[in-house]
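Peer 1: Shown below is the structure under consideration.
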Amino acid sequence: MSLSDDRLQLQLDFVMAVDDLKHVTRQTTLRADGRPENDAEHSWHLALMAIVLAEHAVGDIDLQRVLTMHIIHDIVEIIAGDTFIYDEAGQVSKDEREREAAKQLFGLLPQDQGDKLRGLWEEFEERTTADSRYAASLDRLQPLLLNYHGDSAAWLKHGIRKEQVVKRNQHIQEGAPPLWAFAQQLIDRAVSEGKLKG
């Protein structure tokens with residue numbers, strides 16, 4: 001296959017377009033130096049967590065599908081931007097913005113690949129399968145871990161309260177009940193240590 005091959009060129013164009021994920025910053029900060037995490041770092045961390053924590057997933061999961069969901073789930077933010085999980089106003093338009101971005105970005109690929117990846121992205125968003133519920137559980141757990149073990153900057157900066165954290169993260173239980181039990185303990189510790197408002 002040569003670089004002049006149309007299919008290969010579309011694939012490479014997509015690969016270079018999604019490199020911009022490295023520049024999409026999140027509200028969550030890194031434990032080591034307090035700088036904002038970027039979406040590519042977040043996706044890598046989720047993929048690693050998926051491998052290490054797979055024994056806690058509900059049902060039989062296909063780890064390759066879960067890893068693919070983690071790698072692609074936030075690429076829509078290249079166009080749609082990162083919407084802070086506790087930003088109620090931003091959440092209103094998030095779905096529409098991200099669906100349009102998915103259409104554009106996955107549309108860069110050869111149609112069969114674009115359709116397959118967009119289908120996995122939609123499955124992740126809808127949480128209708130064991131794979132997507134497990135993947136989404138980790139997507140919620142990872143920021144909790146960084147907030148607790150870091151400086152809690154996102155929680156404190158935005159005045160986030162315990163009930164907000166519980167409400168937005170309780171679906172961890174759908175994909176990995178032991179991880180939700182752990183997350184609840186972590187949330188309680190965060191409150192008692194002054195890292196999160198009660």
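Peer 1: Among the numbered criteria (1) small (Gly, Ala, Ser); (2) surrounded by 15 or more Cβ atoms within 10 Å (Cβ to Cβ); (3) not in a helix (DSSP H, G or I), which single criterion is violated by residue 190?
Peer 2: (3)
Peer 1: Separate question: Taking the stretch 62-96 as the region of interest, how many residues are surrounded by 17 or more Cβ atoms within 10 Å (Cβ to Cβ) and farther than 25 Å from residue 166 by Cβ?
Peer 2: Total satisfying the criteria: 10.
Peer 1: Turning to a different aspect of this structure: Please specify each residue of the stretch 167-180 satisfying the condition of being surrounded by 13 or more Cβ atoms within 10 Å (Cβ to Cβ) and part of a helix (DSSP H, G or I).
Peer 2: If the condition is that a residue be surrounded by 13 or more Cβ atoms within 10 Å (Cβ to Cβ) and part of a helix (DSSP H, G or I), then 168, 169, 172, 173, 174, 175, 177, 178, 179, 180 are the ones that fit.
Peer 1: Okay, next question. Restricting the stretch 61-100 to residues that are modelled with pLDDT of 95 or more and assigned to a loop (DSSP other than H, G, I, E, B), which is nearest to residue 173 (Cα to Cα)?
Peer 2: Restricting to residues being modelled with pLDDT of 95 or more and assigned to a loop (DSSP other than H, G, I, E, B), the top hit is 61.
Peer 1: Let me ask something additional. Which residue pairs have Cβ atoms under 8 Å apart, sit 6 or more places apart or on different chains, and have a first residue in the stretch 124-139 that is closer than 9 Å to residue 174 by Cβ and in contact (Cβ under 8 Å) with a residue 12 or more places away in the chain and a second that is of a type in the set (Asp, Glu) and in a helix (DSSP H, G or I)?
Peer 2: Here the result reads 127/174; 133/174; 136/174; 137/174, each pair linking the stretch 124-139 to a residue that is of a type in the set (Asp, Glu) and in a helix (DSSP H, G or I).
Peer 1: Test residue 161 against the criterion of being on the phi > 0 side of the Ramachandran plot and either in contact (Cβ under 8 Å) with a residue 12 or more places away in the chain or touching a Gly at 6+ places or on another chain (Cβ under 9 Å) (or both), and give yes or no.
Peer 2: No; evaluated as a whole, the condition is false for this residue.
Peer 1: Taking the condition of being of a type outside the set (A, V, I, L, M, F, W, C), closer than 22 Å to residue 65 by Cβ and more than 11 Å from the chain's Cα centre (by Cα), how many residues in the stretch 17-55 meet it?
Peer 2: The total comes to 1.
Peer 1: From the list 160, 187, 172, exactly one residue is of a type in the set (Val, Ile, Thr) and under 21 Å from residue 39 (Cα atoms). Which is it?
Peer 2: Exactly one of 160, 187, 172 is of a type in the set (Val, Ile, Thr) and under 21 Å from residue 39 (Cα atoms), namely 172.
Peer 1: Also: So how many residues does the stretch 1-44 have that are more than 21 Å from residue 112 (Cα to Cα) and part of a loop (DSSP other than H, G, I, E, B)?
Peer 2: Residues meeting the conditions: 7.
Peer 1: Pick from the stretch 64-121 the residues that are free of Cβ contacts under 8 Å to residues at least 24 places away in the same chain and among the β-branched types (Val, Ile, Thr): which of them is farthest from residue 45 (Cα to Cα)?
Peer 2: Top of the filtered list is 92.
Peer 1: So which residues in the stretch 1-39 are in contact (Cβ under 8 Å) with a residue 24 or more places away in the chain and among the aliphatic types (A, V, I, L, M)?
Peer 2: Answer for the stretch 1-39, where residues must be in contact (Cβ under 8 Å) with a residue 24 or more places away in the chain and among the aliphatic types (A, V, I, L, M): 10, 17, 18, 21, 24, 30.
Peer 1: Any residue in the stretch 40-59 that is more than 18 Å from residue 171 (Cβ to Cβ) sitting within a Cβ distance under 7 Å of a residue that is of a type in the set (S, T, N, Q) and surrounded by 19 or more Cβ atoms within 10 Å (Cβ to Cβ)? List the pairs, counting only those 6 or more apart or interchain.
Peer 2: 45/142
Peer 1: Out of curiosity, is residue 101 farther than 22 Å from residue 134 by Cβ, within 16 Å of the chain's Cα centre (by Cα) and crowded, with 20+ Cβ neighbours inside 10 Å?
Peer 2: No; evaluated as a whole, the condition is false for this residue.
Peer 1: Still on this structure, please answer the following. For the stretch 168-198, which positions are within 19 Å of the chain's Cα centre (by Cα) and charged (D, E, K, R)?
Peer 2: 168, 174
The values are calculated or read from the model by the stated rules, or taken from the named source; none is laboratory data. Everything numeric in this text was worked out from a predicted model, so none of it was measured. With ideal geometry, Cβ positions are generated from the backbone for all residues, glycine too; neighbour counts draw on all protein chains shown.
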